[in-house]
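> Once you've had a glance at the structure underneath, I'll fire off some questions.
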Amino acid sequence: PKPFNVADVRGDFPVLQTYVNGAPLVYFDNGATTQKPWAVLRAMEDYYTGYNSNVHRGVHTLSQQATAAYEAARETIAKYINAASVHEVVYTKGTTDSVNLVASTYGKKYVKEGDVVIISAMEHHSNIVPWQMLCEDKGATLKVIPFDENGELRMDAFKEMLDERVKLVSLTHVSNTMGTINPVKEIIALAHALNIPVMLDGAQAIAHLAVDVQDLDVDFYAFSSHKIYGPTGIGVLYGKEKWLNDIPPYQGGGDMIKTVTFAKTIYNDPPLKFEAGTPAIAESVGLGAALQYLMELDLAGMRAYEHHLNQVALEKLRTIDELRFIGNAKERNGAISFMIGNHHPTDVGELLDQQGIAVRTGHHCTQPLMDIFCIPGTVRASLTFYNTEEEVDKLVAGIKKAVIMLNK
Ligand code: PMP
């Protein structure tokens with residue numbers, strides 16, 4: 001591919017040409033959801049206009065085409081994350097659904113009274129609540145790895161938590177609030193030394209890091225399509241084949257079975273064992289197209305550009321007197337969270353919106369993290385490869401303008 005250049009890719013994303021409140025859109029809410037390239041929109045339109053049909057069912061041509069496209073997208077995903085086998089890629093509704101799948105299947109089989117599940121203090125609610133529900137149900141304990149003032153996990157505390165009662169560690173790869181990249185390889189090695197499997201929430205990592213599930217040696221990896229330029233309503237659970245064979249199914253219904261009688265049902269093999277009912281077919285095609293689009297870019301150049309843009313943003317934001325970063329990890333990516341003096345994040349967000357700048361404000365579904373910092377929320381700018389330095393300048397100028405208005 002030709003060397004990455006932001007000017008070449010911006011035209012691929014139609015939304016980036018829109019105006020908001022009279023100004024060209026500056027979209028810095030990529031952590032919440034990303035914009036979609038034409039390649040994704042066209043692939044989904046092609047499916048609906050050319051071969052819309054149900055999968056794994058009909059002998060007719062359209063159904064075979066739909067099935068082939070659904071399975072081809074699975075192969076693209078397997079390649080993107082370097083799964084050892086395509087059977088290790090399960091379609092879900094998204095990260096939340098993937099975590100719930102593991103909590104209710106692995107959890108059902110392996111977590112018992114007195115056992116422990118470990119998460120961290122920087123988790124998104126979707127990697128807290130399913131484990132809380134499981135632990136409540138089973139009489140197990142949820143332990144939480146704390147982080148330090150920079151937003152880095154306290155590895156000493158983690159090591160102390162590890163013993164034979166721990167049945168799973170489930171952690172975010174990258175914090176959606178602070179941008180911290182967690183030392184997941186070290187965590188996985190420590191857990192595996194005691195035969196404890198590890199699940200990673202890759203919602204914020206998948207679009208920005210080269211995720212290689214075999215190199216990580218991770219047991220389960222979850223992510224959402226909509227955070228990697230694909231459509232909403234679909235996501236992925238990667239699971240090592242040995243686990244997917246071993247754990248019980250998630251939901252019952254069509255497609256997840258081999259044979260059904262009233263006496264007994266024989267389940268399908270993974271991944272179909274976990275895909276009950278008619279799936280999100282157009283969305284699978286869209287996700288496949290998104291990953292294909294990325295693989296046709298100069299990915300290394302794109303990641304270097306993102307890293308550079310993040311550094312520039314941090315440096316320029318640092319020039320704002322009232323600004324205080326929430327999270328200062330050495331290894332970071334994506335989310336940049338901050339407070340502006342004592343102003344409520346919502347007020348800052350609204351003033352930025354008036355200038356066409358989209359940032360996220362609030363607790364970012366990490367309320368326990370907000371409690372640790374004793375703040376109601378943050379302003380969060382999350383950048384990605386189609387953003388520019390010019391947009392960063394607009395953000396900095398926009399914040400300075402907002403400060404003047406708020407201080408009046
Ligand atoms: N985990 C993290 C770290 C996230 O950032 C998000 C989305 N904000 C989720 C999980 C949940 O993803 P989804 O809503 O797509 O299921």
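> Skip the ligands, DNA and RNA, and give the accessible area per residue of region 223-366 with a 1.4 Å probe, whole Å².
42 Å²
> Can you grab the distance from the C-alpha centre of region 176-225 to the C-alpha centre of region 342-408, Å, no decimals?
Region 176-225 and region 342-408 have Cα centres separated by 28 Å.
> Taking the chain as a Gaussian network, where each spring joins two C-alpha atoms under 10 Å apart, which residue of 253, 31, 179 fluctuates the most?
Result: 253 has the largest fluctuation of those listed.
> What does the C-alpha gyration tensor say about the overall shape of region 232-271? Classify as rounded when a/c is under 1.5, otherwise prolate if a/b is larger than b/c, or oblate.
oblate
> Could I ask something else about it? Need one word for region 70-209: rounded, prolate or oblate. Basis is the Cα gyration tensor (sqrt eigenvalues a ≥ b ≥ c); a/c below 1.5 gives rounded, then a/b vs b/c decides.
oblate
> On to the next question. Mind ranking 293-301, 362-370 by how tightly packed they are, going by the mean number of other C-beta atoms within 10 angstrom, highest first?
Those peptides, ordered most packed to least, come out 362-370, 293-301.
> How much of the accessible area of region 190-301, probe 1.4 Å, is carbon plus sulfur, in whole percent?
For region 190-301, the apolar C and S fraction of the accessible surface comes to 53 percent.
> Taking every DSSP beta bridge that has both residues in the chain, what percent is antiparallel when rounded to the nearest 5?
Taking every DSSP beta bridge with both residues in the chain, the antiparallel ones total about 60 percent.
> Mind checking which of 23, 203, 263 has the largest fluctuation in a GNM of the chain, springs on alpha carbons under 10 Å?
263
> For the chain, return all DSSP H helices satisfying: extent of Cα atoms along own axis at least 20 Å; mean Kyte-Doolittle hydropathy at least 0.5.
Membrane-span-like by this criterion, though nothing is claimed about a membrane: 281-295.
> Toward the positive end of the charge dipole of region 91-137, about the Cα centre and with charges on Cβ (Lys, Arg +1; Asp, Glu -1), which of 101, 124, 134 goes farthest?
Farthest towards the positive end: 101.
> How high is the relative contact order of region 214-256, in percent, with contacts defined as C-alpha pairs under 8 Å that are six or more residues apart?
Averaging sequence separation for qualifying contacts and normalising by length gives 32 percent for region 214-256.
> Evaluate the distance, in nm, between pseudo-label points positioned 7 Å from the Cα of residue 296 and of residue 261 along their respective Cα→Cβ axes.
5.1 nm
> Which order do you get for 308, 226 if you rank them by accessible area with a 1.4 Å probe, largest at the top?
308, 226
> Give the carbon-plus-sulfur fraction of the accessible surface of region 304-408 in %, rounded to a whole number; probe 1.4 Å, heavy atoms of protein chains only.
51 percent
> Which links in 93/185; 93/401; 185/242; 36/394; 108/264 stretch past 29 Å when you go from one Cα to the other?
Going by Cα-Cα distance, 93/401 fall outside the 29 Å limit.
> Using alpha-carbon pairs under 8 Å, 6+ residues apart, how would you state the relative contact order of the chain in percent?
24 percent
> Quantify, in whole percent, the carbon and sulfur part of the accessible surface of region 99-155 (1.4 Å probe; protein heavy atoms only).
Of the solvent-accessible surface of region 99-155, carbon and sulfur hold 50 percent.
> Using a Gaussian network model of the chain with C-alpha springs under 10 Å, which one of 285, 211, 174 is most mobile by mean-square fluctuation?
Among 285, 211, 174, the largest mean-square fluctuation in the Gaussian network model of the chain belongs to 211.
> Let me make sure I get this right: for the chain, a, b and c are the square roots of the gyration tensor eigenvalues over alpha carbons, sorted descending. Under 1.5 in a/c it's rounded, otherwise prolate if a/b > b/c, else oblate. Which is it?
In terms of gyration-tensor shape, oblate.
> Using a basic spin-label model with each label point 7 Å from the Cα along Cα→Cβ, how many nm lie between residue 54 and residue 23?
5.0 nm
> Would you check the accessible area of residue 374, probe 1.4 Å, heavy atoms only, in square angstrom rounded to 10?
120 Å²
> Looking at 327, 90, 32, which one has the Cα that reaches farthest to the positive end of the dipole of the chain (charges on Cβ: Lys, Arg +1; Asp, Glu -1)?
Checked the options; the winner is 90.
> Further, regarding this structure: What is the sum of charges, Lys and Arg at +1 and Asp and Glu at -1, for the other residues whose Cβ falls under 14 Å from the Cβ of residue 281?
Result for the neighbourhood of residue 281: -3.
> Compute, for residue 56, the solvent-accessible surface of its heavy atoms (probe 1.4 Å) with the complete set of protein chains present, and express it in square angstrom to the nearest 10.
About 60 Å², rounded to the nearest 10.
The values are calculated or read from the model by the stated rules, or taken from the named source; none is laboratory data. Computed from a prediction, not measured in an experiment: that's the story for all the values here. Note: ideal-geometry Cβ built from the backbone for every residue, glycine included; neighbour counts use all protein chains shown. Remember, those area values only see protein heavy atoms, side chains included, never the ligands or the DNA or RNA. Shrake-Rupley method; radii C 1.70, N 1.55, O 1.52, S 1.80 Å.
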